[in-house]
Amino acid sequence: MKLKRASTDIFRKGMALFWFLASLLVGIGLGSPSAKAQPFAYVTNQLSNTVSVIDIATNSALATIPVGSGPVGVAVAPNGARVYVANNGSGTVSVIDAATNTVVATVVVGGEPHGVAVTLDGKRVYVANSVPDGYVSVIDTATNTVVTTVPGGDRPEFVAMTPDGARAYVTNVVSDDVTVIDIATNTVVGTFAVGDGPVDVAFTPDGARAYVTTHNTDGVAVIETATNTVVATIAVGAAPAGVVITPDGSRAYVANTLSNIVSVIDIVTNTVIGVSIPAFGGPFGLAITSDGARVYVANREDGVSVIDTATNTVVANVAVGNGPTWVAITRLTVVSIDIKPGSFPNSINPKNKGTIPVAILTTDTFDATNVDETTVLFGATGAEAAPVQFALEDVDGDGDTDIILHFNTQDTGIVCGDTSATLTGETLSGQPIEGSDSIRTAGCK
């Protein structure tokens with residue numbers, strides 16, 4: 001059962017009526033949408049002391065941000081507003097404002113930081129520091145200060161959050177084990193051996209399994225997280241480093257630094273499938289888009305490779321700084337939308353001068369009443385029309401409150417022959433959202 005924000009809903013319903021009347025009188029929309037956290041890839045360039053920003057829609061580098069010395073790990077806050085960079089050479093974490101691509105704070109952590117991860121609520125950042133003696137710094141994102149440290153193993157390397165946000169797993173590259181930290185108490189609740197030289201960790205969407213790359217044994221250890229025991233070991237390429245798992249939990253992608261390939265693992269069978277994907281010059285860190293369509297690979301010697309996961313082929317190469325090492329991508333929450341609720345197929349006449357109703361539906365994992373309607377855009381690509389009115393109501397009759405918005409057809413950019421349309425926006429907390437639905441164009445003869 002989801003908690004409803006009754007007082008806020010009443011206010012927003014009143015605002016919906018206001019905007020509806022205003023649109024009738026002066027033909028305006030709900031106002032210009034605020035700048036949104038678009039899907040960007042952030043790449044640390046260890047040798048040039050910078051972070052490159054890649055627009056994943058165009059696979060082009062948009063900005064280069066100077067940070068500290070020897071940046072390695074990078075993580076994006078859940079709402080996309082801040083990017084955190086571990087500077088190995090200067091013992092600091094750079095805090096980047098994603099709206100301006102500038103460093104707005106520098107946090108001293110010491111100890112040659114490598115990996116960095118942000119909690120699901122965005123309130124804490126965990127930083128793996130290799131020396132001295134190995135520890136994890138915990139940063140309060142409201143104040144950008146270290147509030148505590150947690151002991152790690154011998155040379156902590158990278159850190160990853162479990163899907164439920166309850167624990168952090170930290171690889172220790174010299175002691176050949178993984179430290180498990182309880183996020184609520186910031187205490188170590190377990191340590192388990194995985195193999196020689198663990199580097200990165202990725203979890204299946206349900207959190208039941210963790211996949212840990214073992215750099216010195218050319219393998220991936222499969223961990224049952226309920227017991228933190230190794231249940232399988234998978235041979236991959238030479239010197240595996242970064243690992244990611246697709247959003248549907250079907251495959252894992254592993255960057256093999258010395259053999260210059262990316263291995264693809266079938267999660268069901270825990271076997272390498274197909275032909276290994278060639279990369280370019282020391283693939284190390286990688287990240288996957290929210291829809292699972294692309295994997296971005298940081299090649300330490302030669303830019304960033306973009307892999308199409310439908311074909312498992314490299315479809316683009318992006319030039320960045322020197323020594324690209326790690327990648328993080330802005331997270332998008334995929335939402336359920338219903339174009340022209342109650343009708344199917346969703347017929348749209350691009351020549352019509354009326355409006356198109358689009359509902360964002362509340363589900364077990366998403367509360368549509370948290371959508372900030374002033375940020376929403378809808379159309380052929382999701383970047384066209386702002387709503388002219390909206391309302392909070394139970395659109396699909398399941399007892400939950402949804403949000404329905406109306407868009408001027410002529411502003412959506414939908415043309416004859418289009419088969420889908422997309423909605424983008426943000427929640428009230430700034431979390432980017434995106435949803436698509438099928439359409440059928442009419443009146444085109």
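Read the figures in this text as sums done on the coordinates, not as results from a lab. Remember, it's a predicted structure, so these values are computed and weren't measured experimentally. All Cβ positions, even for glycine, are placed from backbone atoms using ideal geometry, and neighbour counts span all protein chains on display.
Side notes on the structure shown:
- Efficiency of FRET from Cβ geometry, ALA193 and LYS340, R₀ 41 Å, rounded to 0.05: 0.15
- Charge dipole (the chain, unit charges on Cβ, about Cα centre) - positive-most of ILE356, ALA310, THR214: ILE356
- Exposure proxy order (Cβ contacts within 10 Å, fewest to most) of VAL138, VAL188, VAL220, VAL170: VAL188, VAL138, VAL220, VAL170
- Loop-resident trypsin sites (Lys or Arg not before Pro) (DSSP state other than H, G, I, E or B) in region 91-200 with no more than 16 further Cβ atoms inside 10 Å of their Cβ: LYS123.
- Three-way shape call for the chain based on the alpha-carbon gyration tensor, with the a/c threshold at 1.5: prolate
- What you get for the chain, charging only the Cβ of Lys and Arg (+1) and of Asp and Glu (-1), is a dipole of about 860 debye around the Cα centre.
- Rounded if a/c under 1.5, otherwise prolate or oblate - region 343-444, Cα gyration tensor axes: prolate
- If you take the Cα centroid of region 231-282 and the Cα centroid of region 146-211, the two points sit 20 Å apart.
- Put simply, the amide H of ASP437, placed in the peptide plane, has neighbours under 5 Å in ALA421, leaving out anything fewer than 5 places away on its chain.
- Since only PRO132, PRO247, VAL320 are under comparison, the one whose Cα sits farthest along the positive direction of the charge dipole of region 40-329, derived from C-beta charges on Lys, Arg, Asp and Glu, is VAL320.
- Cβ crowding within 10 Å, taken as a proxy for footprinting-reagent exposure, orders CYS416, CYS444 from fewest neighbours to most as CYS444, CYS416.
- Along region 132-144 the Karplus relation, 6.51 cos²θ - 1.76 cosθ + 1.60 evaluated at θ = phi - 60°, assigns HN-Hα couplings of x, 6, x, 7, 10, 8, 10, 9, 7, 6, 6, 10, 6 Hz to successive residues, with x for each Gly and Pro.
- Amide H partners (placed H, <5 Å) of THR427, local residues excluded: ASP372, ILE433
- Estimated [θ] at 222 nm from DSSP helical runs (n ≥ 4, -39500 (n - 2.57)) normalised by residues in the chain, nearest 500: -1500 deg cm²/dmol
- HN-Hα J in Hz across region 271-285 - Karplus 6.51, -1.76, 1.60, θ = phi - 60°, x for Gly and Pro: 10, 6, 10, x, 8, 4, 8, x, 10, 10, x, x, x, 10, x
- Near the amide H of ASP218, within less than 5 Å, lie the amide hydrogens of ALA239, all on another chain or at least 5 residues away, with H placed in the peptide plane.
- Region 117-129 - phi-based ³J(HN,Hα) in whole Hz, Karplus 6.51/-1.76/1.60, Gly and Pro as x: 8, 10, 5, 4, 8, x, 8, 9, 10, 10, 10, 7, 10
- The angle separating the long axis of helix 6-26 from the principal Cα axis of greatest extent in the chain is about 50 degrees.
- Where a label projected 7 Å from the Cα of THR58 along Cα→Cβ would reach, residues of region 283-316 with amide N under 18 Å: 304, 306, 316
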